[in-house]
Every structure is written in structure tokens, then in C-alpha cells.
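Novice: Structure in C-alpha cells, see below.
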Amino acid sequence: MAVKKTKHEMPEQKPKDRIKNFNEVPYGYDEKTAIEEAKRCLQCKNRPCVDGCPVEIDIPDFIKQIAEGNIDKAVEVLKSKTSLPAVCGRVCPYENQCEGECTLLKIGEPVAIGRLERFLADYERDKGMKIPKKTRPTGKKVAIVGSGPAGLTCAGDLAKMGHKVTVFEALHAPGGVLMYGIPEFRLPKAIVNAEVDYIKQLGVDVKYDVVVGKTITVEELLEEYDAAFIGTGAGLPRWLGIPGENLDGVYSANEFLTRVNMMKAYQFPEYDTPVKIGKIVATFGAGNVAMDCARTSLRLGAEKSYIIYRRSEKEMPARNEEIHHAEEEGVIFKLLTNPVKFTGDEKGILKEVECLKMELGEPDESGRRRPIPIEGSNFKIKIDTALVAIGQSPNPLIPATVKGLKIGKWGNIETDEEGRTNIPGIFAGGDIATGAATVILAMGAGKKAARAIDQYLK
Amino acid sequence: MYEIIEKQVLSENVKLMKVKAPLMAKKAQAGQFIILRIDEKGERIPLTIADYDRKKGTITIIFMEVGKTTKQLGTMKKGDMILNFAGPLGTPSEVENFGNAVMIGGGVGIAPLYPIVRALKQAGNHVISILGVRNKDLLILEKEIDEFSDKLYIATDDGSKGHKGFVSDVLQKLIDDGEKIDIVWAIGPIIMMKVVANLTKKYDIKTIVSLNPIMVDGTGMCGGCRVSVGGETKFACVDGPEFDGHLVDYDNLMLRNRRFICEEEKACKLAGE
Ligand SMILES: Cc1cc2nc3c(=O)[nH]c(=O)nc-3n(C[C@H](O)[C@H](O)[C@H](O)COP(=O)(O)OP(=O)(O)OC[C@H]3O[C@@H](n4cnc5c(N)ncnc54)[C@H](O)[C@@H]3O)c2cc1C
Ligand SMILES: Cc1cc2nc3c(=O)[nH]c(=O)nc-3n(C[C@H](O)[C@H](O)[C@H](O)COP(=O)(O)OP(=O)(O)OC[C@H]3O[C@@H](n4cnc5c(N)ncnc54)[C@H](O)[C@@H]3O)c2cc1C
Ligand code: SF4
Ligand code: SF4
Ligand code: FES
């Protein structure tokens, strides 16, 4: 029998319905579809897909179990390498990673590895998660700073090795960007909470409201703990640096998304935190963060939601799936367009943005063609709200408060491949080390650092 | 969870609470603040650390009931729990012996002024304090501030106590009387800080103000608290909240602090029903 050339479809909410709610967009595979999809896998001997996965999941093995109908066994194989499968199965850019290496690409679409992972995670959560047997305690204590995917993965792995782990989180909720950044309709917060609960059941203690560097320093933590891992992320918003950016109506993507996601402003006034958008919203940038802003705006009632980006469609850094979803929902893309100035009314409330048309020149150091302004092409767009989503830099708080810690040129913490910093006993990983990247790379970094920490403690 | 271990009513709608938070009490310094969230559905609001007791592990907050969260907080009692309490946040006040310091507090801004007055006095400064309120019933911490001040002036809008008029009138008089002033601290309503800063600029007297923009996380992540200082964008929660008063764009701050007025009124109305 010939292999089906395309992935099995995953049913999802219709665009015209979903822009009126914050519920998750795709529904996920049912068991029957998952088994059918798993059967597409060729079980390649050389396992190219595994090389594409930063956390080294035994992809063919878990797929084989699904194909044979051994769902519980499949979950076990999956969970032996990741503590956050429901998250990866939703937000991992698998098209460039595991699925990007799949042999089936030669004849059509790859195996839907991400969707299968999501299916397994959801199946397990519905059934109630099984907690692995406790390892014998080693008597060693590790402090983890930040509860994003890097910190949580590192914590989970260290706990499985028998170390006593405490996570210190500045905010009142765990998950980092998973909680405050990525919207409910893409990653339901109940799922993040369930995955965090799983990690807690491994024996990890999570303390909130502890701003390390302020409430307690890393040096002080090391008086009590045998090692520390820093996973404080890239939380510092970048600005356009154009006139009018401080007008009423201009938000950073972080502020906007934090209000809506973590503080649940979409349920205001049931929840106390407000958010305000007008009828016309413009988001600047074209990464995942920008797509999230533009799609969230529609759900909050915006009549028009623009993406304004200075390069062309080809250079947009967001995942294809996100761009596709945004287009389906009616987000308007204004490409090769660069803002130069925000203007407000007499009260200082944002009312329009002035832009320039751009054209593409020679490739720059990032390999993408450099956008060049077309002189005299200025034009204005009426807007009520501007969301600036052009990137984040590493959070400077820890780099600034640990004496002697080696800092890179973007304010990132410098580490070796395994997450060791220049100071023995201090490890780091995720966006704080690499600059803003992806959930799975942060998890991979947490995983490698856990191994290095274990070695260090021996 | 953080327990309220003491509560006092200072004036009609200004309340004081001591909250058990040992880690934070150990680190707290004058000029810093905390962010609290009362319950699961609550907003995160910043309040200045008005005092701390490292031995007992408590932080003192003094707040004015102006909206939903502060009113709700005002109804809480000794023994009640606050869900989240994070800090100390922000950069501490620069405390040294400047010489002659004039300390100006307006309204509930008197609360954050108090620990700085005390710290400056202990650092050897000659301290003159000027406290301004609408009427004498709103005056808080008079005794406490007096204890660490060499001289204390009061100004009320209605003349019910001290000078009838603004704190800036008293400051102007001090300057006119030839008082040699090395530094001024001004904490209170934005308009008060603006007026004071404009006045001291004329005489080239270094002036520190403490800004209170709307905040969310308080860790430098959201940029909601950004203020324009000397033409540069600064985040009040990490770079401040204290800044050189001569460089602050007060009009922009006033504008940005009105961002959610409609929504806040709605939340208050609903909470009242
Ligand atoms: C809106 C948005 C959408 C995204 N979409 C995707 C996507 O679809 N796919 C994908 O792969 N990636 C996506 N990303 C990127 C991805 O989320 C990040 O790369 C990833 O979360 C980084 O993980 P981290 O653990 O390094 O840091 P973070 O997730 O940033 O977590 C850091 C944590 O540390 C805490 N912290 C910071 N400072 C301190 C301190 N001093 N003390 C204590 N705690 C502290 C923070 O509060 C936070 O909880 C998105 C990012 C955003 C913002
Ligand atoms: C660093 C810092 C320190 C502060 N210290 C104190 C303090 O020690 N005591 C105290 O009483 N208040 C202090 N504030 C102000 C306090 O945070 C606000 O009064 C509070 O957030 C209002 O919340 P609410 O829900 O009760 O009112 P809301 O319903 O949110 O607002 C009611 C009214 O207050 C205004 N408002 C909202 N947020 C602020 C704000 N951040 N600053 C000024 N006005 C605001 C609104 O525009 C509205 O008019 C401080 C603010 C900052 C940023
Ligand atoms: S974690 Fe990401 S890269 Fe790894 S198998 Fe899952 S979807 Fe693919
Ligand atoms: S590369 Fe594709 S087909 Fe081959 S084992 Fe991996 S998932 Fe299966
Ligand atoms: S409050 Fe969010 S950056 Fe200051």
C-alpha cells in the first residue's frame, strides 16, 4: 500500500467563529486519526527526525507504539525525554525541526510529529498523569531562577535524578512566556498549569514573588544551594525609537499580551486588570509575537488589525501556521512598510502612524535582503492602538547583579554548550543565553544544563 | 500568602498595613516599592515601602483608597492574607550627606517620603520637611517625620493647618529667606512634583522626584511604566522610581496615567454594586 502523501487533517474552529472567543483554535487528533497518521511513518533506520529535535525525543519509537495502538506505552517513550509534551506539540516550530528532516518530505508532507505529540499529551492529561517512581535523593540542592520552559525542564530533569530542586519565579504564575506571552487560543493556560503540576509532583518546589537580584541574590542562593541555573528569559522589550512612541495607545507586545494572558484582561471586569484597544490596531513586526498580538486584537473586538512589517512575506520570521491562521482570521498585512512617526490628538491620544514604503536590497548579515526606504513614499494610516512587537532582549537584572559573570555583547549570559557560565556552580540557558529563540531550544538548553549540573554535583 | 499583621486608619481614606514578608524586609531600602495582588482575579499594584522591620520580618505600606484595588485592600483586616507580594523593587534612594536637604511630601506621597527623611537624617543631613495636604484631616505621619526633621512645615489648601496654599510657596519662601539648599526631594501628585521641579530648576537646586506610572510586572518586562527622562525612555520599575526631577516629562506621565480611567471607573462601579 502506498503511503498517504499528506498529513491527516486536524479539525479546527472556523475563522469567523474563533475570532469571537479565546478558545483553542485546533481541536487535535482523535485516537483513530492518530493511529492512521502514525502508520505513515516509515520507521527509518537512520532516524533523521530525531536529529532535528533539540530534546532528542525517540520519535520513531513513540510513533511505532501509537501505530500499534499502545497509547500508554507511547506516552511513556515520549515522557522519558520531555516533561512538557503538551506545550511542544502546540508551539514547537516542528516544520523546521523534526518534521523538516522527515524522509516523507521527499514524496509529500512529513509525518505530523507535532500533532501526534499533542495527541499523546492530551490523552495522558485526560486520563490523569502518571508520576514516575522517585529516585533515591542525592542530598544535593539546586536553585532554578525563572520558571519558563528552560527553568522548568532543568528542574524536572534534576528532580528525576534525585536532586532537591527549588524554582524561584519573579511573577505570581509559572511558565514564563508560556503563561504571559503566548495567548490562550494557541496554548490554553490550563495546559501550562497541568504540565507545571506534573513537574511539582516530581518533587520540585516553586516559589513565586521572588525577584532574584532584588529579593535575594544569586550569591545568597549559592550559600544555601549547591548549584544554580539561570533561565530568566529575554523579557526586555525593544522599541522602534521613533517619535510618539510614548503616546497613550502605544503598547509593547509584552505589556499587551501580559495584560490579556496572564492578567486575563479579556475577562475584565471579572478580572481587575484592564486593557484598552480601539477599532483599528496596528502591530509592528512579523514574528510569532506579532501574529499573537494581531490575532488577540481581533478577539478583543478590533475591526481592523494590521501587521506592519518592513521586509516582504518571505522574510517574515513567524511560523507558517501562525501566518496562515492570521490571514484566515482577516489580519491585514502591510508589508515593505516601515513606521517613522506616531502622532496623537490634542490630548496626546494616538491617532495615526506615518509610514514609508520600502524595497529590498542586498542581503544583510542575517542573510535576509535589507529593506531600503523609498524616498518620498510617506503615507499615513489612521490607528487607535499600536503594538510594538519587534523583539526582546535578555532581561538585564541578573547579568547586572552577579559579580564577575561573563556577559555577551547583547547582554546575554555567556555559557558553553552545556550551559556552564564562567562561574563554577552557576549555569544558564534559554533566551537569557541565546537571546529570544524558541520554546524547544530553551527546553533543550535546560536539559543539557541539568546533565552538566548533575556532573558538577558528583 | 502574606499575612496582614497590623492595620491602622491614618485618615479618612488612607490606611497603613504591616505585612509579613521576611525575605523582602531583609532587603528593603528607602525609595523602593513592592507589587501586590490581593487575590486570584486581582490587579498587580505597586505601593512604596513606607517602612520595614528586618527583625520582625514586616513591610509597612501606606495607601490611599483611589480605586477598585486600593478600596478592596482597605477593607481587609489584621490576620487576612494577601495572595502575592513581590519586592523590594526599584532602585533605592541615593542616601548620603548632602548637607541641607529639603523634603517635600504631598498627600499620600508623604508615606514614601518618610523612610528617606529618616535615612537622610541618619546620614547626617540637616533636614527640613514640608508636608502638603488638602486639609488637616488628611495629614499623615506628622509625628514620625517630625522626629527626623530639624524643621517641619505644613501647608494645607484650605488653611486648616500651617500655611494656606501649596508646598511650593513654602519652598519659595525658604529660598527667598536665603536658606542654602543642597538637595530637594519631592514626592506627591505629579503636578506638585512638576511645580517644585520647575521652581528648583531656576535656582539650580538638585531635585529628586519619585514617579508613579501604571505598572504591571515591575521587573522591566512590559515597558508599561516607561517615562521620558531627559529625552530618553526609562522604565520606572527598574531604572527608578526616583529620577532627576529637572529631566522628567511630567505631561507625558500625566497623560499615560490616564490610560485606563474609563475601565477603572467601570470596575469600581461594578465592585460597589
Ligand atoms: C508572544 C510570544 C509568542 C511566542 N511563540 C512561540 C512559538 O510559537 N513557538 C516557540 O517555540 N517559541 C515562541 N516564543 C518564544 C518562546 O516563548 C521563548 O523562546 C521561550 O519561552 C524562552 O524560554 P525561557 O525559559 O528561556 O524564558 P521565559 O519563557 O522568558 O521565562 C523566563 C522566566 O523567568 C522569570 N524571571 C525573569 N527574571 C527573573 C528574576 N530576576 N528572578 C526570578 N524570575 C525571573 C520570568 O518572570 C519568566 O517567568 C514566543 C514568545 C513570545 C513572547
Ligand atoms: C512605584 C509606585 C509607588 C506607589 N506608592 C504608593 C503608595 O505608597 N501609596 C499609595 O497610595 N499609592 C501608591 N502608588 C499608586 C498606587 O499604585 C495606585 O494608587 C494604585 O495602583 C491604584 O489602584 P486601584 O485599583 O485602587 O485604582 P484604579 O482603579 O486602578 O485607579 C484609580 C485612579 O488612580 C489612578 N491611578 C491608577 N494607577 C495609578 C498609579 N500607578 N499612580 C497614580 N495613580 C494611579 C487612576 O488613573 C485612577 O484615576 C504608587 C505607584 C507607583 C508606581
Ligand atoms: S519537541 Fe518539537 S522538535 Fe522535538 S519531536 Fe516534538 S515537535 Fe519535534
Ligand atoms: S523521518 Fe519521518 S518517516 Fe522516518 S522515522 Fe522519522 S518520522 Fe518516521
Ligand atoms: S512595570 Fe513592566 S516594565 Fe516596569
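No value in this document is a laboratory result; all are computed from the given coordinates. Only a predicted model underlies this, so the values are computations on that prediction, with no experimental measurement involved. Every residue, glycine as well, gets a Cβ built from its backbone with ideal geometry; the counts of neighbours run over all protein chains shown.
Novice: Over all directions, average the projected area of the Cα convex hull of the protein assembly as shown and note it in nm².
Specialist: Values: hull surface 137.9 nm².
The directionally averaged projection comes out at 34.5 nm².
Novice: Where the centre of each part is set by its Cα atoms, how far does the stretch A:168-222 sit from the stretch B:1-35, in angstrom?
Specialist: If you average the Cα positions of each part, the centres end up 25 Å apart.
Novice: DSSP loop trypsin sites (Lys or Arg not before Pro) in the stretch B:1-107 with at most 16 other Cβ atoms within 10 Å of their Cβ, which ones?
Specialist: Here the sparse-neighbourhood loop sites are B:LYS41, B:ARG54, B:LYS55, B:LYS56, B:LYS77, B:LYS78.
Novice: Among the GluC sites (Glu not before Pro) in the stretch A:281-368, which ones are in a DSSP loop with at most 12 other Cβ atoms within 10 Å of the Cβ? Mind listing them? Let's see the in-between values first.
Specialist: Values: sites: A:GLU303, A:GLU313, A:GLU315, A:GLU321, A:GLU322, A:GLU327, A:GLU328, A:GLU329, A:GLU346, A:GLU352, A:GLU354, A:GLU359, A:GLU365; in loops: A:GLU303, A:GLU346, A:GLU365.
Passing sites in the stretch A:281-368 are A:GLU303, A:GLU346, A:GLU365.
Novice: Now for a different question. Mark the label point 7 Å from the Cα of B:GLU147 along Cα→Cβ and return the residues of the stretch B:40-79 whose backbone N is within less than 13 Å of it.
Specialist: Residues passing the 13 Å test: B:51-53.
Novice: Give the residue from A:VAL75, A:ALA318, A:ASN338 lying farthest towards the positive end of the charge dipole for the protein assembly as shown; charges sit on Cβ (+1 for Lys and Arg, -1 for Asp and Glu) and the dipole is referred to the Cα centre.
Specialist: In the protein assembly as shown, that residue is A:VAL75.
Novice: By how many degrees, 0 to 90 and rounded to 10, does the Cα axis of helix B:110-122 deviate from the longest principal axis of chain B?
Specialist: With rounding to tens, the tilt is 60 degrees.
Novice: What average count of beta carbons from other chains do you get within 10 Å of the Cβ of residues in B:32-44? The partial results should precede the final answer.
Specialist: Values: counts 1, 0, 2, 5, 2, 6, 1, 1, 3, 9, 5, 8, 7.
Mean partner shielding for this stretch: 4.
Novice: If you don't mind, there's one more thing I want to ask. Quick one: work out the % antiparallel among DSSP beta bridges in the protein assembly as shown, nearest 5. Before the final figure, lay out each step's value.
Specialist: Numbers: 54 of 110 bridges.
Rounded to the nearest five, the antiparallel share is 50 percent.
Novice: Moving on to the next point. Give me the distance between the Cα centres of the stretch B:68-105 and the stretch B:140-167, rounded to whole Å.
Specialist: Here the two parts' Cα centres lie 20 Å apart.
Novice: Cα centroids of the stretch A:19-42 and the stretch A:375-435: how far apart, whole angstrom?
Specialist: 35 Å
Novice: Now, a different point. May I ask for the net charge around A:ILE19, where only other residues with Cβ less than 9 Å from the Cβ of A:ILE19 are counted and Lys, Arg are +1 while Asp, Glu are -1?
Specialist: Working: positive: A:LYS16, A:ARG18, A:LYS20, A:ARG295, A:ARG299; negative: A:ASP17, A:GLU329.
Every neighbour counted, the sum reads +3.
Novice: Work out the FRET efficiency for B:LYS26 and A:GLU56 from their Cβ-Cβ distance, taking R0 = 25 Å, and round it to the nearest 0.05. Each step should come with its number before you reach the end.
Specialist: Numbers: r = 42 Å, r/R0 = 1.68.
After rounding to 0.05, the efficiency reads 0.05.
Novice: For the stretch B:2-89, what percent of Cα pairs sit more than 20 Å apart? Please report the intermediate quantities before stating the final value.
Specialist: Values: 909 of 3828 pairs.
Summing the P(r) of the stretch B:2-89 above 20 Å gives 24 percent of all pairs.
Novice: Using a simple charge model, +1 on the beta-carbon of Lys and Arg, -1 on the beta-carbon of Asp and Glu, nothing else, what dipole does the protein assembly as shown show about its Cα centre, in debye to the nearest 20?
Specialist: On the way: 102 positive and 102 negative charges, 205 e Å.
About 980 debye.
Novice: Would you tell me the mean number of C-beta atoms belonging to other protein chains that fall within 10 Å of each C-beta in B:222-230, as a whole number? Before the final figure, lay out each step's value.
Specialist: Details: counts 14, 15, 8, 1, 7, 1, 2, 0, 0.
Partner Cβ neighbours, averaged per residue: 5.
Novice: Sticking with this one: Determine the shielding of peptide A:254-264 by partner chains: average, over its residues, the number of Cβ atoms on other chains within 10 angstrom of each Cβ.
Specialist: Details: counts 7, 10, 3, 1, 6, 5, 0, 0, 4, 7, 2.
Counting other chains' Cβ atoms within 10 Å and averaging over A:254-264 gives 4.
Novice: Another question about this same structure. Label-point separation (nm) for A:ASP345 and B:GLN8, each offset 7 Å from Cα along Cα-to-Cβ?
Specialist: 4.6 nm
Novice: Counting C-alpha atoms alone, how compact is the stretch B:95-155: give Rg to one decimal and Dmax as a whole number, in angstrom.
Specialist: Considering the stretch B:95-155 through its Cα atoms, Rg and Dmax are 10.8, 33 Å.
Novice: At A:LYS127 and A:ASN422, where each label point lies 7 Å from the Cα along Cα→Cβ, what is the point-to-point distance in nanometres?
Specialist: Result for the modelled spin labels: 5.0 nm.
Novice: Something else: Please identify the trypsin sites (Lys or Arg not before Pro) of the stretch A:65-157 that satisfy two criteria: DSSP loop assignment and at most 15 other Cβ atoms within 10 Å. Which are they?
Specialist: Details: sites: A:LYS73, A:LYS79, A:LYS81, A:ARG90, A:LYS106, A:ARG115, A:ARG118, A:ARG125, A:LYS127, A:LYS130, A:LYS133, A:LYS134, A:LYS140, A:LYS141; in loops: A:LYS81, A:LYS130, A:LYS133, A:LYS134, A:LYS140.
Counting only loop positions with at most 15 other Cβ atoms within 10 Å, the trypsin sites (Lys or Arg not before Pro) in the stretch A:65-157 are A:LYS130, A:LYS133, A:LYS134.
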